[in-house]
1. Considering only the stretch 17-37, how many residues are surrounded by fewer than 11 Cβ atoms within 10 Å (Cβ to Cβ) and at pLDDT below 90?
2. Can you pull out every residue in the stretch 180-233 that is surrounded by fewer than 20 Cβ atoms within 10 Å (Cβ to Cβ) and among the hydroxyl-bearing types (Ser, Thr, Tyr)?
3. In this structure, does residue 46 turn out to be at pLDDT below 70, exposed (fewer than 11 other Cβ atoms within 10 Å of the Cβ) and small (Gly, Ala, Ser)?
4. Among (1) in contact with a helix residue (DSSP H, G or I) (Cβ under 6 Å, 6 or more places away or on another chain); (2) buried (at least 18 other Cβ atoms within 10 Å of the Cβ); (3) more than 13 Å from residue 185 (Cβ to Cβ), where does residue 114 come up short?
5. With the condition being over 21 Å from residue 101 (Cα atoms) and at pLDDT 85 or above, I'd like the helices (runs of 4 or more DSSP H) fully within the stretch 148-237 carrying at least 2 qualifying residues.
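The values are calculated or read from the model by the stated rules, or taken from the named source; none is laboratory data. No experiment lies behind these values; they were computed from the predicted model shown. No Cβ is skipped: glycine too gets one built from the backbone with ideal geometry, and neighbour counts run over all protein chains shown.
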Amino acid sequence: MDQGLAGATVHRRLKFAKMLFAHAVKKKLIPDNPFAGVTVPNVLPADRRQYVSVEAVEKLMAVSNPTWRTIVALCRYAGLRCPSEVLSLKWKDIDFAAGRMTVTAPKTEHIAGKETRPCPVFARLRPYLEDAHKVKSATEVYVIGGSWGDGYRETAGAGWRNANLRTQILKLIARAGLTPWAKPFHNLRASCETDLVREHPLHVVTAWLGNTPSVATTHYLQVLNLDFQKAIRGGAESGAPEVQKAVQSGAIKSDQEKIKVPEVPKVKGDTVPSESFWSVLNGPEKDCEYTQQESNLQPSVP
């Protein structure tokens, strides 16, 4: 019976079924694995792979409280997995002087040598970490701290499913006047990796972000409209200025036109495509409000 499950969900369930029955065959409980010949490609559909531009993220930052600015910055400017890696990051793991941090990776901790990984304190990330560091308490251990963060970390054994960050970021996206994108945190991470591979070798980027080149090319890296335009005009170096002028003048249709963002002064590259607002975004804006008098990093979103 068709339950309308996503391809990734079907792949994951078949993978578990194959593993379970393979173990049963190994224990000689059954003669054959009924799922041995069943395969479903685990590929993120094209309509779920969406690039989130720096301009869109800055608009999101503008309506976020200090905690959420740090969360979004860690996702978009450092490519951390959210919530697991974001909520596991500790201040002692960040070396501002050396410009590097050690990321704890709950998803891969069962693999020898993959429990943690080194990652740069990227230039775009540093200001947000420094701001958070200035206002943290003397006893604060985690970057996303306080009882709020500790409460979410307690759900780690349940796969972080109680963190509920997705609902909250969707409210902030709506408040910023942006059209919501699919898989909010995954696409922030994927957009970060897409940007990084333009400047660094793929094997270096995947070491920083904790995946592999094959996973990156299958699930993360995206081909943008501007990439085509640069190639048509002779490559990134010779063609970039002309392409940017053409985009800004309207001669080239960029992906920025797909998102309805008020008062964007200039179009710079690609951004997320439009989708219909999801029902969760219809909550009152007051849920996302915060005051300047807040002395800690507690979010006001329930």
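1. Summing the residues that are surrounded by fewer than 11 Cβ atoms within 10 Å (Cβ to Cβ) and at pLDDT below 90 in the stretch 17-37 gives 1.
2. If the condition is that a residue be surrounded by fewer than 20 Cβ atoms within 10 Å (Cβ to Cβ) and among the hydroxyl-bearing types (Ser, Thr, Tyr), then 212, 214, 217, 218 are the ones that fit.
3. Yes; evaluated as a whole, the condition is true for this residue.
4. In the conditions (1) in contact with a helix residue (DSSP H, G or I) (Cβ under 6 Å, 6 or more places away or on another chain); (2) buried (at least 18 other Cβ atoms within 10 Å of the Cβ); (3) more than 13 Å from residue 185 (Cβ to Cβ), residue 114 misses (2) alone.
5. Values: elements: 165-175, 184-196, 202-209, 225-232.
Per the criteria, 165-175, 184-196, 225-232.
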